[in-house]
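Here the structure comes first, spelled out in structure tokens, and everything after it is commentary.
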Amino acid sequence: MTAHLIDGRAEAERLLAQVKSRIQAFTAWYARRPCLAVILVGDDIASAVYVRAKMRCAVEAGIASIPYYLPENTSEDDLLRLLDDLNDSSIVDGILVQLPLPPHITKDRVLHHIHPEKDVDGFHPVNAGLLATGQPCVVPCTPQGCLQLVHTVRKELMGLHVVVVGRSTIVGRPAAQVFLNADCSVTIIHKDSRDVPGHCRDADILVVAAGHAGLIQRDWVKPGAIVIDVGINRIEGPSGPRIVGDVAYDEVREVAAAITPVPGGVGPMTVATLMENTLFCAETRQRARSTLFLAGAAL
Ligand code: NAD
């Protein structure tokens, strides 16, 4: 068997086209564009590349984006003050703080300071709690993108066994919740789990977010499984550095039914989903404003 290749770039294009037309309708109706503030602290090269890609995509989608490039030595208090201003801003709908942050800044303090309604990454505990209780919320971009990629090859997921490798708060845990909410049975695996290959072999859908190049080998995958590779690892190849996932792609594609490549799989979907989340936040805020206006008019 040679696995069907799940084309993340094509799927991201399809999602972006839909989001773009919804943004046109939003802009025509409210006479303004959704607005995303993007904050980068320091000069990490990979982070700068990701931020540029997100800003470019926002422009293409019709979203106004405001970049904040802050120096590496920005204090945590200064960053929190900027977040206060953006939380209070009437024009900003979404706030994204690019990770990782410099070591002197506490990631959770910063992410928890973003107003949940403007939390386009869906990392705030309020959104995590809503997701965990199966309620409408801002769903983290990467897990949501994983689900949509699975849906390109299989619509009905009820009762399927999903194994998520990784338990981070930004990928593994929300991915488990997303698939649980899609009526799957979910197992979460992490670095302290016993018999990781055995658990993986039991998966109908294997979602891997470990940050470990080539971790998942051919005999760890059940024949016919769907494999979603979230990992982004930079390795040295014979012709220079290259990006690979967490799955040994060439060997696993011989047993899986469908597989995402790296690059060109989950990555583009994450960025497209960020645009959808920005629109979701703008629509939610705008609806809340309209309700307040109508309540005021009725008094
Ligand atoms: P993380 O380091 O916070 O978490 C990694 C998780 O994997 C941990 O829970 C750890 O317990 C588990 N793990 C590590 N080695 C393992 C092993 N040998 N067996 C079982 N579990 C193991 O990383 P993260 O932020 O969740 O990101 C994971 C990977 O996904 C990274 O490569 C990251 O670059 C990538 N990523 C990609 C996207 C995207 O859009 N494609 C988005 C976010 C993260």
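Here, each number is a calculation from the coordinates, and none is a lab measurement. These figures come from a predicted structure and were not determined experimentally. Here the Cβ positions follow ideal geometry from the backbone for every residue, glycine too, while neighbour counts run over all protein chains shown.
Of note:
- Principal axis box of the chain, alpha-carbon based, largest edge first, Å: 65, 44, 33
- Helical mean residue ellipticity (222 nm; -39500 (n - 2.57) per DSSP H run of 4+; nearest 500) of the chain: -14000 deg cm²/dmol
- Under the combined filter of DSSP loop state and at most 15 neighbouring Cβ atoms within 10 Å, region 190-299 retains these trypsin sites (Lys or Arg not before Pro): Lys191, Arg194.
- Percent of C-alpha pairs per 10 Å bin in region 31-115, short distances first: 17, 51, 29, 3, 0.
- Mean sequence separation of contacting Cα pairs (under 8 Å, at least six apart), scaled by the length of the chain, corresponds to a relative contact order of 22 percent.
- The residues neighbouring Ser185, those whose beta-carbon lies less than 11 Å from its own, together hold a net charge of -3 under the Lys/Arg +1, Asp/Glu -1 convention.
- FRET efficiency estimate (nearest 0.05) - Cβ-Cβ, Ala297 to Ile45, R0 45 angstrom: 0.30
- Counting only DSSP beta bridges with both residues in region 141-267, the antiparallel share comes to about 25 percent.
- Between the amide H of Ile189 and those of Val164, Val165, Gly166, distances stay under 5 Å, these residues lying 5 or more places away or on another chain, with hydrogens modeled in the peptide plane.
- Considering only Leu215, Asn233, Met269, and ranking their Cα positions along the charge dipole of region 182-299 that arises from unit charges at the beta-carbon of Lys, Arg, Asp and Glu, the one farthest toward the positive end is Met269.
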